[in-house]
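Q: Got a structure for you, written out below as structure tokens; questions coming shortly.
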Amino acid sequence: MTDSLRTVYPTVPAQVDYRLTDTGASLTHLVKALADWSLTHRPAIAESRHQYDELHPDNDIR
């Protein structure tokens, strides 16, 4: 079972449409809530990242 539907049309150039299934669409409110939370807490997240980077200067993940 997938959470998206793919429709291919026999055109040149090829055209493909994607859309969420009902199961996938049922998650959109959760994804939006997470995005809203991250925007609200953006300054604190950035500060935490900065503090971590200061304490771990050899960390290559940025």
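Q: With (1) farther than 30 Å from I61 by Cβ; (2) surrounded by 10 or more Cβ atoms within 10 Å (Cβ to Cβ) as the list, and P13 as the residue in question, which single condition is left unmet?
A: Checking P13 against (1) farther than 30 Å from I61 by Cβ; (2) surrounded by 10 or more Cβ atoms within 10 Å (Cβ to Cβ), the one that fails is (2).
Q: Name the residues in segment 16-62 that are over 28 Å from L5 (Cβ atoms), in a helix (DSSP H, G or I) and among the β-branched types (V, I, T), would you?
A: Answer for segment 16-62, where residues must be over 28 Å from L5 (Cβ atoms), in a helix (DSSP H, G or I) and among the β-branched types (V, I, T): T40, I45.
Q: Within segment 16-34, how many residues are surrounded by 10 or more Cβ atoms within 10 Å (Cβ to Cβ), in contact with a Lys or Arg (Cβ under 9 Å, 6 or more places away or on another chain) and not hydrophobic (A, V, I, L, M, F, W, C)?
A: 1
Q: Sticking with this structure for a sec: Given the residues D36, D3, which is the only one that is at pLDDT below 95 and of a type outside the set (A, V, I, L, M)?
A: Only one candidate passes the filter, namely D3.
The values are calculated or read from the model by the stated rules, or taken from the named source; none is laboratory data. Values in this document were obtained by computation on a predicted structure and should not be read as measured data. Positions of Cβ are generated from backbone atoms using ideal geometry, with glycine treated the same way; all protein chains shown enter the neighbour counts.
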